[in-house]
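**Student:** Sharing a structure here in structure tokens format.
Read-outs throughout are calculated quantities, based only on the coordinates presented, and are distinct from any laboratory measurement. Small disclaimer: the values here were computed from a predicted structure and weren't measured. Cβ atoms come from the backbone with ideal geometry, glycine included; neighbour counts cover every protein chain shown.
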Amino acid sequence: MKRIKFKNLYAHIILIAVSLLSIFPFIWLISTSLKGNSENIFAYPPQITPQDFTWANYSGVWDKVDFIGYFINSMIVAGGTVILNLILSAMAGYPLARMEFRGKKITFFAVLATIMIPFQAIMLPVYLITLKLHLVDSVNNFAGFVGLIMPFAVNAFGIFLMRQAFLGVPKEMEEAAIVDGCNVWQVFWKVLMPMVKPSLAVLAIFTFIGSWGEFLWPSIVLTKESMYTLPVGVNNLQGMFSSNWRFIAAGSILSTIPILVFFLCMQRYFISGENEGAVKG
Amino acid sequence: MFKYYGKYASYLFILPAAVVLVIFFFIPFFQTFLLSFLDYSNNIYQAKFIGLENYINLFHNPVFYKVMWNTFVYLFVAVPILAIFPLFLAILINQKIRGVTLYKILIYLPVIVSIVVAAIAFKWLYADQGILNYLVSRLNLEPVGWLTDPSFALYSVIIVTIWKGIGYYMIIYLAALMSVPKELYEACDIDGANFLTKHLTVTIPHIMPTIALVTTISAISAMKVFAEIYVMTKGGPLNSSKTIVYYIYERAFENLDLGYASAMAVVLLIIVMVFSLINILCFERNKYQI
């Protein structure tokens, strides 16, 4: 008995240390963001608790940077990406799970092949195609949003996740619906979709997180500051406030609040470990 | 019963996804190869076919070797740590101890926070007169140019990638640990095996496939790093922290040398495809049921 307690003590020490290391960069950023101008943020030894406590950096950065605008842009892009992923993945997953048709095998392997293609390697032609299709913010804002969303509107992970979900629905459900006179679209929409809600939720949550944090693509295509999503806007803080670390810190923390709230509300989806297959690879 | 669906229903269902995949995956995939045979460097609107010249130039470019070297350093430093350390944490958390959920939330936090914010936070830790250099000075050592010294910059950036990945892989390992039969641990306890032998003889062999999976997926994501470098160092100083995706980005969008960048993209594509193929064929067959 004594030995077990002893062992757990070591486990706790290590886990507390790792937990602290995981959050320390944020703690230090928060600390800096709350320090007033009369306090030296480079003071040795560093002070975790602000001596000259102030919210002024937050109000200062809030007045100069359109966080609400960035937030709305991020919501539009992440929201659009989630909705398209749910619809397109479910629609493509259904026949791959349940129907027999010519070319099914080829379709299956073609989808599987896209898993192996990293976006970073094909982003140049994707950019050229997006330009050709006039899906950039220099045309208009709507086109800009479509251009941000479309390359990520569906992917193989989503399609396979939904295919798996449909494979798990008993065939009798469909047969009963067909006997009742449903057409194929009604079977899909009214009978099967409600059955796969848990998978749709998982797909939605992980797509949202991925889209919310996306940095490379928006920083390639966006030209107008009014179209910036949060990650691009936050990166831009560095240029705006060059060495004003109080403002940069305050802005970074502000931009993190939405996703933090989202994570804490949805944490069981992330840390339960049941959904690891749904995340990016 | 499948007759009921009609001849074309299945195609109609697949069509929207197929359109997106064709336009934004398959066409760009083939176009990447095509572009790599073109020269855009003189005129961005008029490409000239130059055969393998981009590749020849690439393999004569010392910066490219530097970039590939950095990319493989990234792999060889980040991947083993990300394959082993999260497993260790998962084993600790998997024991019946208090506060499991809190630990998991805190350790997972870096995963969900934007990489841009994470990179800014570390940039602040790494500042010349920052908190890390304070600790260094307490050890009576010279302050370190974490992001400004060519011999440190790459490793400073790798630390951010590792820090951000630990929680993600820990959760994957936790899921795998649930599948290890409890009886085996009980047998170990009866035999009086200690912590180390217990996990070396039971846990590790049992979750070997997961270790291999984490190795390949962390290798793939290490090949693709971009934001950390963009935000923290822009590849500098003296190309010391430049990896392949950042160099592709730089050649394509700053030098507008699309052909040259595409030749590099083909190199990246081939490496990642090999990793992915290993991953799919060896470790994820069940997931895709092939």
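**Student:** With +1 on each Lys and Arg Cβ and -1 on each Asp and Glu Cβ, how big is the dipole of the protein assembly as shown about its Cα centre, in debye rounded to the nearest 20?
**Tutor:** Working: 37 positive and 28 negative charges, 211 e Å.
It works out to roughly 1020 debye.
**Student:** Still on this structure, please answer the following. FRET efficiency for A:LEU131 and B:LEU139, Cβ-Cβ distance as r, R0 = 51 Å, nearest 0.05? Before the final figure, lay out the partial values.
**Tutor:** On the way: r = 53 Å, r/R0 = 1.03.
The computed FRET efficiency comes out at 0.45.
**Student:** Another one. Take the Cβ-Cβ distance between B:ILE270 and A:TYR44 as r, set R0 to 41 Å, and report the resulting FRET efficiency rounded to the nearest 0.05. Numbers along the way, then the final one.
**Tutor:** On the way: r = 49 Å, r/R0 = 1.20.
Taking R0 as 41 Å, the efficiency between B:ILE270 and A:TYR44 is 0.25.
**Student:** Beyond 26 Å, what share of the Cα-Cα pairs of region A:111-245 remains, rounded to the nearest whole percent?
**Tutor:** Numbers: 4033 of 9045 pairs.
Above the 26 Å cut-off, region A:111-245 has 45 percent of its Cα pairs.
**Student:** Per the Debye formula with a single identical scatterer at each Cα and no solvent contribution, what log10 I(q)/I(0) holds for region B:64-133 at q = 0.12, 0.14, 0.29 Å⁻¹?
**Tutor:** Listed by q, the Debye log ratios stand at -0.55, -0.72, -1.09.
**Student:** Along the charge dipole of chain A, pointing to its positive end and built from +1/-1 on Cβ of Lys, Arg, Asp and Glu, which listed residue (A:ILE76, A:TYR94, A:GLY213) has its Cα farthest out?
**Tutor:** A:TYR94
**Student:** Assign one of three labels to region A:161-205, namely rounded, prolate or oblate, based on the Cα gyration tensor with a ≥ b ≥ c the square roots of its eigenvalues; rounded applies when a/c is under 1.5, prolate when it is not and a/b is larger than b/c, and oblate otherwise.
**Tutor:** Numbers: a/c = 3.04, a/b = 2.00, b/c = 1.53.
Prolate is the answer for region A:161-205, as a/c is 1.5 or above and a/b outweighs b/c.
**Student:** So what are chain B's ellipsoid semi-axes, whole angstrom, largest first, if each one is the square root of 5 times an eigenvalue of the alpha-carbon gyration tensor? Mind showing how you got there, number by number?
**Tutor:** Details: eigenvalues 292, 212, 57 Å².
After scaling each eigenvalue by five and taking roots: 38, 33, 17 Å.
**Student:** To continue, here is another question. For n ≥ 4 DSSP H runs only, could you compute -39500 (n - 2.57) per run for the protein assembly as shown, divide by its residues and tell me the 222 nm figure to the nearest 500? Don't skip to the end; give the middle numbers.
**Tutor:** Values: 27 runs with 376 residues, N = 571.
That calculation yields -21000 deg cm²/dmol at 222 nm.
**Student:** Does region B:190-290 come out rounded, prolate or oblate by the C-alpha gyration tensor, with a ≥ b ≥ c the root eigenvalues, rounded set by a/c under 1.5 and, if not, prolate when a/b is larger than b/c and oblate if not? Walk me through the numbers on the way to the answer.
**Tutor:** Numbers: a/c = 4.84, a/b = 2.02, b/c = 2.40.
Oblate.
**Student:** At B:MET208 and B:ILE56, where each label point lies 7 Å from the Cα along Cα→Cβ, what is the point-to-point distance in nanometres?
**Tutor:** Rounded to a tenth, the inter-label distance reads 4.8 nm.
**Student:** Sorting A:MET227, A:MET75 on the 10 Å Cβ count, fewest up front, what's the list?
**Tutor:** Values: A:MET227 24, A:MET75 15.
Least crowded to most crowded, the residues run A:MET75, A:MET227.
**Student:** Taking a virtual spin label 7 Å from the Cα of B:LYS66 along the C-beta vector, which residues in region B:148-165 bring their backbone nitrogen under 19 Å of it?
**Tutor:** Within reach of a label on B:LYS66, which here means backbone N under 19 Å from a point 7 Å along Cα→Cβ, region B:148-165 contributes B:148-158.
**Student:** Just the Cα atoms of chain A, one point each, no solvent: what log10 I(q)/I(0) does Debye give at q = 0.11, 0.16 Å⁻¹?
**Tutor:** Per q value, in the given order, log10 I(q)/I(0) is -0.84, -1.26.
**Student:** Work out the length of the dipole vector of chain B about its Cα centre, built from +1 on the beta-carbon of each Lys and Arg and -1 on the beta-carbon of each Asp and Glu, and round it to the nearest 20 debye.
**Tutor:** Numbers: 18 positive and 14 negative charges, 143 e Å.
So the magnitude is around 680 debye.
**Student:** Tell me, what does the Kirkwood hydrodynamic radius of region B:1-91 come to in angstroms if you use every pair of distinct C-alpha atoms? Walk me through the intermediate numbers first.
**Tutor:** Numbers: mean 1/r = 0.0542 Å⁻¹.
Computed over Cα pairs of region B:1-91, the Kirkwood hydrodynamic radius comes out at 18.5 Å.
**Student:** Summarise the partner chain shielding of A:158-169 as one whole number: the mean count of Cβ atoms from other chains within 10 Å of each residue's Cβ.
**Tutor:** 1
**Student:** In whole angstrom, note down how far apart the Cα centers of region A:27-85 and region B:189-252 are.
**Tutor:** One Cα centre to the other: 30 Å.
**Student:** Continuing with this model, one more query. Quick one: what do you get for the protein assembly as shown if you divide its Cα Rg by 2.2 N^0.38 Å? Walk me through the numbers on the way to the answer.
**Tutor:** On the way: Rg = 25.1 Å, N = 571, 2.2 N^0.38 = 24.5 Å.
With N residues counted in the protein assembly as shown, Rg over 2.2 N^0.38 Å equals 1.02.
**Student:** Here's another thing I want to ask about it. Would you please name the chymotrypsin sites (Phe, Trp or Tyr not before Pro) within region B:38-138 that are DSSP coil residues with at most 16 other C-beta atoms within 10 Å of their C-beta? Numbers along the way, then the final one.
**Tutor:** Details: sites: B:TYR40, B:TYR45, B:PHE49, B:TYR55, B:PHE59, B:PHE64, B:TYR65, B:TRP69, B:PHE72, B:TYR74, B:PHE76, B:PHE88, B:TYR103, B:TYR108, B:PHE122, B:TRP124, B:TYR126, B:TYR134; in loops: B:TYR40, B:TYR45, B:TYR126.
Within region B:38-138, the qualifying chymotrypsin sites (Phe, Trp or Tyr not before Pro) (loop, at most 16 other Cβ atoms within 10 Å) are B:TYR45.
**Student:** Next question. My understanding is that a pair violates if its Cα-Cα distance is over 32 Å; which of A:LYS105/A:LYS224; A:LYS105/A:LYS190; A:LYS132/B:LYS224; A:LYS104/B:LYS48; A:LYS190/A:LYS224; B:LYS48/B:LYS234 do that in this structure? Don't skip to the answer; put the middle values down first.
**Tutor:** On the way: A:LYS105/A:LYS224 44 Å; A:LYS105/A:LYS190 27 Å; A:LYS132/B:LYS224 26 Å; A:LYS104/B:LYS48 39 Å; A:LYS190/A:LYS224 42 Å; B:LYS48/B:LYS234 30 Å.
The pairs that break the limit, which is 32 Å between Cα atoms, are A:LYS105/A:LYS224; A:LYS104/B:LYS48; A:LYS190/A:LYS224.
**Student:** For chain A, what does the relative contact order come out to in percent, with C-alpha contacts under 8 Å and a separation of six or more?
**Tutor:** Values: 262 pairs, mean separation 80.4, N = 281.
The normalised contact order for chain A reaches 29 percent.
**Student:** Oh, and also: Work out how far the C-alpha atoms of region A:15-77 reach from end to end along every principal axis, then list the three figures in whole Å, largest first.
**Tutor:** So the extents along the principal axes, rounded to whole Å, are 42, 36, 14.
**Student:** For the charge dipole of the protein assembly as shown, defined by +1 on Lys and Arg C-beta atoms and -1 on Asp and Glu C-beta atoms about the Cα centroid, which residue among B:ALA18, B:GLY130, A:LEU254 has the Cα displaced farthest towards the positive pole?
**Tutor:** The one lying farthest along the dipole's positive direction is B:ALA18.
**Student:** Sort B:188-194, A:246-252 by the packing proxy (mean of other Cβ within 10 Å over each peptide's residues), most packed first. Could the numbers behind the result be given before it?
**Tutor:** Working: B:188-194: 11.6, A:246-252: 26.3.
Peptide ranking by packing, descending: A:246-252, B:188-194.
**Student:** Follow-up. Could you work out, residue by residue across A:16-28, how many beta carbons of other chains sit within 10 Å of that residue's beta carbon, and then give the average as an integer? Let's see the in-between values first.
**Tutor:** Numbers: counts 4, 0, 12, 9, 1, 5, 12, 6, 4, 14, 6, 1, 6.
Per-residue shielding by partner chains comes out at 6.
**Student:** To continue, here is another question. With the dipole of region B:144-290 worked out from charges on the C-beta (+1 for Lys and Arg, -1 for Asp and Glu) around the Cα centre, which of B:SER241, B:LEU269, B:ILE220 lies farthest toward the positive end?
**Tutor:** Checking the options against the dipole of region B:144-290, the answer is B:LEU269.
**Student:** Then there is this: With labels modelled as points extended 7 Å from the Cα through the Cβ direction, what inter-label distance (nm, one decimal) is found for A:VAL139 paired with B:THR148?
**Tutor:** Using points 7 Å along Cα→Cβ, the separation is 4.5 nm.
**Student:** Report, in debye and to the nearest 20, how large the dipole of chain A comes out about its Cα centre when Lys and Arg carry +1 and Asp and Glu carry -1 on their Cβ. Could you put the intermediate results ahead of the total?
**Tutor:** Working: 19 positive and 14 negative charges, 173 e Å.
Computed about the Cα centre, the dipole is about 840 debye.
**Student:** Taking amide H atoms as placed 1.01 Å from N in the peptide plane, list the residues 5 or more away in sequence, or in a different chain, whose amide H sits under 5 Å from that of B:ASP39.
**Tutor:** B:LYS48, B:PHE49, B:ILE50
**Student:** How many nm separate the modelled label positions at A:SER59 and A:MET240, each set 7 Å beyond the Cα in the direction of the Cβ?
**Tutor:** Placing both labels 7 Å along Cα→Cβ, they lie 1.8 nm apart.
**Student:** Please identify, among B:LEU12, B:LEU38, B:LEU141, the residue showing maximal mean-square fluctuation in a Gaussian network model of chain B using a 10 angstrom Cα cutoff.
**Tutor:** Residue with maximal mean-square fluctuation among B:LEU12, B:LEU38, B:LEU141: B:LEU12.
**Student:** For region B:59-69, just list the computed ³J(HN,Hα) in residue order, Karplus coefficients 6.51, -1.76 and 1.60, θ = phi - 60°, integers in Hz, with x standing in for Gly and Pro.
**Tutor:** 7, 9, 9, x, 5, 4, 5, 4, 5, 5, 4
**Student:** Identify the residues of region A:237-255 with backbone N under 17 Å of a label point that sits 7 angstrom from the Cα of B:ASP128 along the Cα-to-Cβ direction, or state none.
**Tutor:** Answer for region A:237-255: A:242-245.
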